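The values are calculated or read from the model by the stated rules, or taken from the named source; none is laboratory data. Owing to the predicted nature of the structure, the values given are computational and were not obtained by experimental measurement. Cβ placement follows ideal geometry from the backbone for every residue including glycine, while neighbour counts extend to all protein chains displayed.
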Amino acid sequence: MASLKIALGNWLRDAKRIALLGIGSELRGDDVAGILVASELRKNCRKISGGRRFKVFLGATAPENLTGEIKKFKPTHLVIIDSADTGKKAGEIALINPEQANGITFCTHRLPLKIMVDYLIEAIGCEVLIVGIKPKTLDFGSLPSKEVKKAIKIISGTIKEIINNSIRKEK
């Protein structure tokens, strides 16, 4: 997905510190997408940058509980990965500006995502981008669909590549 790589790469071009927040429920099928992307990147986080420039947060269904940790990290850029009903086909990826978040349904949060995003922007002054993945199923106890698994792999690989390339340029 070249357009994702270009758009995300351009957005992160001047990033000094990047936080990635994965959101979702492991119990509700495709809603786990954000958690799986974050888990994959967390495994490689130390390899990517030793955690100095890039840090992964697993927000599950209550990402607002991590706002203190995110503020302490002081990111210039925050990427949020979540299942989102964007009206597209299952597994399709959408880059969503926080201002647009009100018109999109995010799956299983206790607090509306827009409220948390507004708070972090005000508190840290960071830039925020939401990467939404259209779920196929949110049925309790179901497994992630093949469409969403493919999107998870694309997003994880794209972010790893962008981060690795930016670190190489710094050296």
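When we screen Ala151, Ala101 for residues that are modelled with pLDDT under 95 and not charged (D, E, K, R), the only hit is Ala101.
Each row is one residue, and each column tells you yes or no for (1) modelled with pLDDT of 85 or more; (2) part of a helix (DSSP H, G or I); (3) farther than 13 Å from Pro135 by Cα.
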site: Asn65; (1), (2), (3): yes, yes, yes
site: Gly68; (1), (2), (3): yes, yes, yes
site: Ile81; (1), (2), (3): yes, no, no
site: Ala90; (1), (2), (3): yes, no, no
site: Arg110; (1), (2), (3): no, no, yes
site: Lys114; (1), (2), (3): no, yes, yes
site: Tyr119; (1), (2), (3): yes, yes, yes
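Scanning segment 5-46 for residues that are over 10 Å from the mean Cα position of the chain (by Cα), assigned to a helix (DSSP H, G or I) and not hydrophobic (A, V, I, L, M, F, W, C) yields Lys5, Gly9, Asn10, Gly29, Asp30, Asp31, Ser39, Glu40, Arg42, Lys43, Asn44, Arg46.
For segment 143-171, a residue qualifies if it is outside any helix (DSSP H, G or I) and either in contact with an Asp or Glu (Cβ under 8 Å, 6 or more places away or on another chain) or on the phi > 0 side of the Ramachandran plot (or both), and the qualifying residues are Pro144, Ser145.
When restricted to residues that are touching a helix residue (DSSP H, G or I) at 6+ places or on another chain (Cβ under 7 Å) and surrounded by 22 or more Cβ atoms within 10 Å (Cβ to Cβ), segment 5-36 contains 10.
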